[in-house]
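Okay, so here's the structure we're looking at.
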Amino acid sequence: MSTIITKNITIGSRKRNVNVEFYNSAMDVYEDCKKRTITDSSFDDKSKASFGRWEGVETYDEALKYLRNGYQPTVNKLKEKLKVQDPGQKRISFTNNIVGSAPIVPLALKGVPNCMIDTRMKQIKCKVIDVYYDMTCSCGTDSDDIIANGQKMLGAILDLEHQGYRINLYAVQSYNDSSSSDILAVKIKSSNQPLDLKRMSFPLTHTAFFRVIGFDWYSRFPKGKYRSGYGHALGYELNDREMKEFATKMFGDNAIYIAGSKILSRDEEYIKEVLKNAGQKNR
């Protein structure tokens with residue numbers, strides 16, 4: 001089940017017509033692709049095509065296997081990151097105090113005033129952040145670079161969640177020209193849910209979710225239109241200031257839009273700083 005929203009917005013001095021289809025499950029995208037017909041003869045039928053290194057899979061069925069089961073290399077890499085995270089980032093700490101949740105029996109027996117365990121939690125002063133990560137990159141971008149980009153993004157999200165930030169996370173693709181956009185947005189994490197690496201790994205990090213499943217969705221999106229070369233990423237159309245304006249007008253005040261095309265040469269620390277600053281802005 002999906003929701004389609006259409007808005008006509010002005011970014012800078014330019015008007016832009018934007019269609020966004022929201023899903024709560026990546027599998028639902030595939031289910032809609034099975035039921036829909038291709039909207040323009042200029043589109044290729046990706047469900048019947050053969051693929052290769054550029055898409056990161058050999059067949060459509062291989063992409064579906066990752067969609068169902070997750071992309072294990074990303075899961076393994078992020079599991080390793082979990083193992084080595086700095087324990088100093090934990091929000092909960094314990095100290096001796098005259099009041100607390102439980103007594104320290106040996107100290108209480110000796111009559112020591114600070115004989116209680118006082119539990120303290122570090123406060124993170126930010127609202128929920130709605131993060132829209134657009135994995136779209138140009139045709140000249142290598143599949144391995146798209147995967148590495150997504151892994152950087154997921155690593156940054158994991159670190160911030162570990163510090164106590166609350167994040168709604170959307171896996172996004174955008175198909176654009178100078179005046180219009182067709183956007184796929186799949187919610188892969190709610191702010192009140194723990195990270196599920198297996199569920200998130202394919203739609204957030206793997207090229208085939210973009211160049212196989214996404215292309216298939218785009219060719220069948222009822223409100224979409226064919227653009228030469230399937231269009232280009234929003235990150236190539238808008239600068240950083242315009243991207244912030246786009247996020248607010250399209251998705252709301254708590255939204256931050258991260259374009260994969262703009263972070264190819266950036267590291268994970270840069271992404272974390274961008275997200276932290278957005279959290280502070282939304283206090």
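Okay, here's what the table says:
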quantity: Matching entry among 62, 80 (being under 30 Å from residue 146 (Cβ atoms), in the same structural domain as residue 217 (by TED's automatic domain parsing) and modelled with pLDDT under 85); calculated: 80
quantity: Residues that are farther than 23 Å from residue 58 by Cα and either β-branched (Val, Ile, Thr) or buried (at least 17 other Cβ atoms within 10 Å of the Cβ) (or both), drawn from the range 196-225; calculated: 197, 221, 224
quantity: Tally of residues being of a type in the set (A, V, I, L, M, F, W, C) and at pLDDT 95 or above across the range 160-199; calculated: 8
quantity: Matching residues in the range 110-154 - criterion: being at pLDDT 95 or above and surrounded by fewer than 12 Cβ atoms within 10 Å (Cβ to Cβ); calculated: 139, 140, 144
quantity: Number of the condition not met by residue 27 [criteria: (1) touching a residue at least 60 places away in the same chain (Cβ under 8 Å); (2) surrounded by 13 or more Cβ atoms within 10 Å (Cβ to Cβ)]; calculated: (1)
quantity: Unmet requirement for residue 200, which otherwise passes all of (1) part of a helix (DSSP H, G or I); (2) farther than 20 Å from residue 21 by Cβ; (3) not acidic (Asp, Glu); calculated: (2)
quantity: Residue match in the range 262-274 (condition: assigned to a helix (DSSP H, G or I), in contact (Cβ under 8 Å) with a residue 12 or more places away in the chain, over 17 Å from residue 168 (Cβ atoms) and touching a Phe, Trp or Tyr at 6+ places or on another chain (Cβ under 8 Å)); calculated: no
quantity: Test set (1) touching a Gly at 6+ places or on another chain (Cβ under 7 Å); (2) modelled with pLDDT under 90; (3) charged (D, E, K, R) - residue 262 fails condition number; calculated: (2)
quantity: Failed criterion for residue 95 (all others in (1) more than 18 Å from the chain's Cα centre (by Cα); (2) modelled with pLDDT of 95 or more; (3) surrounded by 11 or more Cβ atoms within 10 Å (Cβ to Cβ) hold); calculated: (2)
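The values are calculated or read from the model by the stated rules, or taken from the named source; none is laboratory data. Keep in mind it's a predicted model, so treat the numbers as computed, not measured. In this analysis, Cβ positions are derived from the backbone assuming ideal geometry, glycine residues included, and neighbour counts consider all displayed protein chains.
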